[in-house]
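Encoded as structure tokens, the structure appears first; notes follow it.
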Amino acid sequence: MNPIAPIVHPTALTLHPTEPLLQVAGLAVSYGRIRAVDGIDLTVEPGRIVSLVGSNGAGKTTTLMALSGLLPLAAGRIRFAGEDITTLAPELRVARGIAHVPERRRVFAGMSVRENLVLGAYSRGDAVDIASDLERMVALFPRLGERMAQLAGTLSGGEQQMLAIARGLMSRPSLLIMDEPTMGLAPQMIDLILDTVLEIRKQGMTVLLVEQNAVEAMRLSDHVYIMRLGRIVHEDSGANIDPERVKSFYLGADS
Amino acid sequence: MDYLGQLLANGLVLGAIYALAAVAFTLVYGVVRLVNFAFGELFMLGAFLTASLMLPEVRLIGMVVPMPGFSLPVAAAGAILLTGALGVLVDRIAYRPLRNAPRLAPLITSIAVSVVLQSLAQTVWGAEELRFPEFHLATLPPVVLFDSIYLSVMDLVVMATALAAMLGLSAFIARSSLGRAMRASAEDQMAATLVGIPVNRVVAAAFAIGSGFAALAGLLYAQTYGFAHSSMGFLPGLKALTAAVLGGIGSIPGAALGGLILGLVEALGSGYLPNGTAWKDAISFVLLVGLLYLRPQGLLGKPELNSAGRGSLLGGASEFGAGWLRAAFAKVDGGLARAAAAGPRAALALLAVAILVGLLVPSDYWLRILTMVVIYGMLASGLNVIVGFAGLLDLGFVAFWAVGSYLTSILFVLVLKDQFGVAPADIWWLLYLNLPLAGLLAAGFAVILGTPTLRLRGDYLAIMTLGFGEIVRVVAINWMDLTNGPMGIRGIPAPNLFGIALGSPRAQFFFALALAVLVVFAIARLVRSYVGRAWVAIREDEEAAEAMGVPTARYKLYAYAASGFVGGFVGVFYAHTQQYISPLNFSLFENILLLMLVVLGGLGTFIGPFIGALIWIVFLQLALDLPFVQAYPETRFALLGIVLIVLMVFRPQGLAASARVALTMPGTRPAKAKEAA
Ligand SMILES: Nc1ncnc2c1ncn2[C@@H]1O[C@H](COP(=O)(O)OP(=O)(O)OP(=O)(O)O)[C@@H](O)[C@H]1O
Ligand SMILES: [Mg+2]
């Protein structure tokens with residue numbers, strides 16, 4: 001395979017080496033009266049894979065949506081690449097280098113694979129040459145290359161996930177946020193997706209990953225945060241986490 | 001054959017105009033799922049602005065203002081740009097704050113925006129027609145095809161412009177980056193945001209383009225028929241919406257197809273049907289209703305659009321508003337909540353106040369006004385049954401009202417008096433028979449009209465019921481033998497009890513009050529029964545209600561029937577107090593007004609419709625004392641529209657929302673209070 005050119009946003013490279021890429025302090029989000037995320041702190045160092053795990057309804061998706069600006073914060077601050085982005089509009093966060101691959105993929109079903117990818121580069125403006133980026137995506141996911149003209153809605157679940165990730169990468173992010181990229185996929189496909197995550201990281205990408213499957217997440221990640229009922233209840237480096245403790249966090253304190 | 005050719009040519013010209021305006025509806029609906037009723041008015045403004053820019057001077061608000069006197073193309077370009085900018089402004093003020101509001105809210109504001117724009121246009125340009133200046137191409141001799149089809153040069157210009165504009169737009173949507181962003185936002189706003197598309201700006205662009213198309217259609221229409229008028233956008237706006245729905249709303253080729261079909265059908269219908277020109281407006285609505293019944297997604301549309309109406313029509317509160325405003329509403333809410341807790345006692349106290357007012361108000365003038373308040377309150381209550389309790393946005397409610405009014409008027413005047421020479425005083429009891437009879441007739445009618453709408457949701461339901469309402473109005477105007485047509489029916493006797501005429505304003509007020517007690521009592525009983533709980537379940541989430549085993553179709557029909565009954569019942573009394581009715585009394589505007597009153601007061605409450613009616617009718621009278629309003633009476637409607645937009649943005653649930661009847665879902669235990677009672 002050709003050596004793949006870097007797909008990393010320039011901000012990642014100009015960072016001061018000791019400053020975290022993403023720093024979240026006291027983040028809280030409410031839906032009406034319900035507080036779904038209740039004051040969490042997160043730090044993502046550049047070039048790492050950090051994952052956020054927890055049972056259903058823990059507030060993982062809510063946290064990610066707040067990071068990319070889809071939900072307003074009830075409290076807290078977000079710093080990204082040395083800049084306070086707490087109140088920045090979502091589309092500007094994409095331009096700053098945050099790509100969010102949402103839960104359930106949400107590809108543009110009525111558009112072709114190629115159009116989905118082209119839209120991924122929207123934040124970079126009209127003038128850029130995206131042909132080389134398209135090639136890079138095809139190198140990463142050869143199956144997308146065979147289906148460029150196909151409507152995204154007719155892809156299989158795994159292919160849609162590949163497309164969603166590739167669409168996110170088209171913005172040349174420095175931080176790739178992924179919400180349950182393996183949801184509903186067959187084991188083989190899960191391996192393929194997770195291997196790709198490792199591959200992308202090898203090229204210098206920073207990844208914030210939400211996973212239901214805590215064991216896989218621990219294997220993959222440099223750092224793991226465990227979330228429960230809107231709070232971070234435990235964090236450690238991926239290698240240090242004791243699976244038994246994770247299980248107890250999943251099942252809740254009452255067990 | 002020659003005649004056919006000419007009709008087809010006329011139909012093509014008209015169809016091209018409808019298609020352009022349909023594009024406006026389709027484009028905005030495609031991106032934000034909003035039926036922007038105000039496009040009819042932007043159509044009208046396009047015509048006025050073009051005509052004004054072409055003239056050397058125009059009278060605006062009574063003052064002569066010099067104008068540049070541009071040629072048609074320059075003036076048209078200016079008008080399109082101005083209207084496009086206005087469309088963006090409207091989106092910013094009236095729709096964008098409501099992106100996450102209940103689905104009814106932006107529909108109401110779009111109707112309110114129409115009312116505002118139309119009355120402002122009437123204020124600015126006056127109530128008369130403005131003659132559209134002649135363009136030099138229009139003076140060229142017509143083109144003759146096959147020796148028999150005459151097309152003016154301007155007709156060809158209209159068709160060529162429409163074709164070019166639509167092809168250009170299609171290419172823009174398909175190829176350009178902004179067009180792609182529009183399609184992406186239309187499919188999934190969240191995913192579009194996540195790829196970095198500024199969705200709000202894309203929506204604003206859709207409004208700008210849509211408004212520009214509406215303006216283009218309007219100016220071509222005015223050019224073709226030679227005039228501009230403040231109400232000229234109403235029917236073409238509805239036709240364009242029909243065309244958009246016909247073709248499949250959200251689809252640009254669909255809009256073109258729908259517009260052409262509508263133009264052709266109208267031209268052929270007016271040429272070949274007996275008395276076709278009179279009926280041509282009904283033809284398009286019949287087509288609309290039939291199509292929505294058979295294929296709700298339209299000819300080229302995708303079926304899922306109909307399901308966009310999912311979710312509560314009116315739940316949720318505003319995220320906007322300053323502290324003092326919230327505090328003021330909190331006070332209102334507290335008071336209403338206490339009153340609601342007092343239940344029947346509060347209702348009796350209110351009735352006592354109404355009786356006292358009826359006894360003590362000395363002026364006949366104000367008693368008449370208060371009677372109108374009660375009548376409009378009752379009618380709004382009837383509409384509230386279907387919109388507020390069952391959550392079905394019905395824009396055809398006036399039809400039921402018309403059925404009641406016409407039934408009693410036809411029986412009393414056209415049949416008994418004119419045919420048999422019976423004096424109304426001898427058959428005074430017939431009124432009391434007519435009340436329930438008209439109620440039943442209207443209820444039956446409502447069920448017949450409701451049945452084909454059962455599969456439709458939200459906006460489509462509104463459009464279909466609107467179509468029904470218009471059909472009834474066109475029938476009322478044109479079925480001369482039955483309704484006396486536009487002349488209306490005169491000499492309807494005042495109510496009479498045992499030979500004593502109840503002609504005095506005070507007697508009529510008490511009569512109205514008695515009916516109101518009946519109406520509210522009946523509605524309250526119904527709403528508090530299992531029927532009402534099923535309605536609320538349907539209103540909050542139809543799919544969930546269905547999944548829970550509520551036979552939604554049956555309960556929706558009950559809602560139509562109940563609402564129709566009230567409409568017919570009150571309509572009888574209305575005819576006898578007015579003593580004169582004509583189709584003008586039952587226009588779509590009346591329906592919109594009633595809807596506004598219900599929304600103003602609070603949907604799904606018993607008191608809301610009366611509060612809304614009281615505020616509106618008293619405001620109407622007080623406003624008449626202002627000199628500016630005396631000179632420009634139509635500005636009152638603009639004010640109502642503005643009040644409503646502000647209300648929707650800051651308090652979409654209506655003034656008296658905290659009096660909304662709290663009901664448990666069917667299947668759960670009924671409320672404690674009810675068991676104790
Ligand atoms: N739009 C919403 N309105 C109200 N509450 C919501 C909304 N979205 C999420 N919630 C609530 O917020 C909490 C957190 O939800 P969230 O989707 O963030 O969980 P999650 O950790 O991503 O769960 P899962 O693993 O199932 O995806 C849940 O209790 C959920 O019910
Ligand atoms: Mg989630």
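For region A:32-63, residues that are of a type in the set (Gly, Ala, Ser) and more than 8 Å from ligand 1 (Cβ to nearest atom) total 3.
One line per residue, one yes/no per condition, for (1) assigned to a helix (DSSP H, G or I); (2) among the aliphatic types (A, V, I, L, M); (3) closer than 25 Å to A:Gly168 by Cβ:
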position: B:Leu167; (1), (2), (3): yes, yes, no
position: B:Ile173; (1), (2), (3): yes, yes, yes
position: B:Ala184; (1), (2), (3): yes, yes, yes
position: B:Ala191; (1), (2), (3): yes, yes, yes
position: B:Ala206; (1), (2), (3): yes, yes, no
position: B:Gly212; (1), (2), (3): yes, no, no
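A search for C-beta distances below 7 Å between a residue of region A:50-67 that is away from ligand 2 (no atom under 11 Å from the Cβ) and any residue that is of a type in the set (Ser, Thr, Tyr), counting only pairs 6+ apart in sequence or on different chains, returns A:Val50/A:Ser221; A:Ser51/A:Ser221.
The listed residues are B:Glu634, B:Glu590, and the only one of them that is farther than 15 Å from B:Val116 by Cβ, open to solvent by 10 Å² or more (accessible area, probe 1.4 Å) and either among the acidic types (Asp, Glu) or touching a Cys at 6+ places or on another chain (Cβ under 6 Å) (or both) turns out to be B:Glu590. Evaluate the following for A:Ala66: is it within 14 Å of chain B (Cβ to nearest Cβ), buried (at least 24 other Cβ atoms within 10 Å of the Cβ) and either under 20 Å from A:Ile34 (Cβ atoms) or within 11 Å of ligand 1 (Cβ to nearest atom) (or both)? Considered against the rule, which asks whether it is within 14 Å of chain B (Cβ to nearest Cβ), buried (at least 24 other Cβ atoms within 10 Å of the Cβ) and either under 20 Å from A:Ile34 (Cβ atoms) or within 11 Å of ligand 1 (Cβ to nearest atom) (or both), A:Ala66 comes out as yes.
In the set B:Leu260, B:Leu246, B:Leu235, B:Leu241, which member is more than 14 Å from every other protein chain (Cβ to nearest Cβ), within 22 Å of B:Ser152 (Cβ to Cβ) and either not β-branched (Val, Ile, Thr) or not in a helix (DSSP H, G or I) (or both)?
Step by step, each of B:Leu260, B:Leu246, B:Leu235, B:Leu241 is checked, and only B:Leu260 is more than 14 Å from every other protein chain (Cβ to nearest Cβ), within 22 Å of B:Ser152 (Cβ to Cβ) and either not β-branched (Val, Ile, Thr) or not in a helix (DSSP H, G or I) (or both).
Number of residues in region A:137-189 that are within 16 Å of ligand 2 (Cβ to nearest atom) and surrounded by 15 or more Cβ atoms within 10 Å (Cβ to Cβ): the value is 10. Residues that are among the β-branched types (Val, Ile, Thr) and within 27 Å of A:Arg79 (Cα to Cα) within region A:168-195 comprise just one, A:Ile177. At least 2 residues being open to solvent by 20 Å² or more (accessible area, probe 1.4 Å) and farther than 26 Å from B:Arg457 by Cβ is the threshold, and among the helices (runs of 4 or more DSSP H) wholly inside region B:472-550 those reaching it are B:480-483, B:505-528.
Would you confirm whether or not region A:227-243 contains a residue that is within 14 Å of another protein chain (Cβ to nearest Cβ), closer than 21 Å to A:Leu42 by Cα and under 20 Å from the mean Cα position of the chain (by Cα)?
no
Evaluation of B:Thr371 against the conditions (1) within 20 Å of B:Ser563 (Cβ to Cβ); (2) modelled with pLDDT of 90 or more shows that the sole unmet condition is (1). Only one of the listed residues (A:Ser112, A:Ser123) is open to solvent by 30 Å² or more (accessible area, probe 1.4 Å), more than 16 Å from ligand 2 (Cβ to nearest atom) and touching a residue at least 24 places away in the same chain (Cβ under 8 Å). That residue is A:Ser123.
Any residue at all in region A:157-168 that's of a type in the set (Lys, Arg), within 20 Å of A:Glu135 (Cβ to Cβ), within 14 Å of chain B (Cβ to nearest Cβ) and touching an Asp or Glu at 6+ places or on another chain (Cβ under 9 Å)? Scanning region A:157-168, I find no residue that is of a type in the set (Lys, Arg), within 20 Å of A:Glu135 (Cβ to Cβ), within 14 Å of chain B (Cβ to nearest Cβ) and touching an Asp or Glu at 6+ places or on another chain (Cβ under 9 Å), so the answer is no. No other residue among A:Ala95, A:Ala139, A:Ala81 is more than 16 Å from ligand 1 (Cβ to nearest atom) and either among the polar types (S, T, N, Q) or within 11 Å of chain B (Cβ to nearest Cβ) (or both) apart from A:Ala95.
Taken together, the residues in region B:57-87 that are part of a helix (DSSP H, G or I), open to solvent by less than 40 Å² (accessible area, probe 1.4 Å) and under 18 Å from B:Arg131 (Cα atoms) amount to 4. Within region B:102-139, the set of residues being surrounded by 22 or more Cβ atoms within 10 Å (Cβ to Cβ), among the aliphatic types (A, V, I, L, M) and touching an Asp or Glu at 6+ places or on another chain (Cβ under 9 Å) comprises B:Leu107, B:Val113, B:Val115, B:Val116, B:Leu117, B:Ala121. Taking first residues from region A:167-181 that are aliphatic (A, V, I, L, M) and partners that are within 16 Å of ligand 2 (Cβ to nearest atom) and open to solvent by 10 Å² or more (accessible area, probe 1.4 Å), the Cβ contacts under 6 Å between residues at least 6 apart in sequence or on separate chains come to A:Ile177/A:His100. The residues of region A:98-109 that are open to solvent by 30 Å² or more (accessible area, probe 1.4 Å) and either over 17 Å from B:Leu194 (Cβ atoms) or facing another protein chain (nearest Cβ under 7 Å) (or both), listed by number, are A:Arg106, A:Ala109. Against the definition (open to solvent by less than 20 Å² (accessible area, probe 1.4 Å), under 30 Å from A:Phe249 (Cα atoms) and either within 16 Å of ligand 2 (Cβ to nearest atom) or within 14 Å of chain B (Cβ to nearest Cβ) (or both)), how does A:Leu209 come out, yes or no? For A:Leu209, the condition - open to solvent by less than 20 Å² (accessible area, probe 1.4 Å), under 30 Å from A:Phe249 (Cα atoms) and either within 16 Å of ligand 2 (Cβ to nearest atom) or within 14 Å of chain B (Cβ to nearest Cβ) (or both) - is met. Test B:Leu557 against the stated conditions and say whether it is within 18 Å of B:Thr465 (Cα to Cα) and part of a helix (DSSP H, G or I). In short, yes. Remark: B:Phe606 matches the filter, which requires a residue to be open to solvent by 10 Å² or more (accessible area, probe 1.4 Å) and assigned to a loop (DSSP other than H, G, I, E, B). Can you tell me which residues in region B:140-192 are of a type in the set (S, T, N, Q) and either open to solvent by 20 Å² or more (accessible area, probe 1.4 Å) or away from chain A (no Cβ under 14 Å) (or both)? Within region B:140-192, B:Ser148, B:Ser152, B:Thr161, B:Ser170, B:Ser176, B:Ser177, B:Gln189 qualify.
Here B:Pro236, B:Pro303, B:Pro253, B:Pro274 are screened, and the one residue that is out of contact with any strand residue (DSSP E or B) (no Cβ under 9 Å at 6 or more places or on another chain), surrounded by fewer than 18 Cβ atoms within 10 Å (Cβ to Cβ) and at pLDDT 90 or above is B:Pro253.
The values are calculated or read from the model by the stated rules, or taken from the named source; none is laboratory data. Predicted model, so just to flag it, every value in this text is computed and none were measured. Note: ideal-geometry Cβ built from the backbone for every residue, glycine included; neighbour counts use all protein chains shown. These area figures cover heavy atoms from the full protein model, side chains too; ligands, DNA and RNA do not enter into them. Shrake-Rupley method; radii C 1.70, N 1.55, O 1.52, S 1.80 Å.
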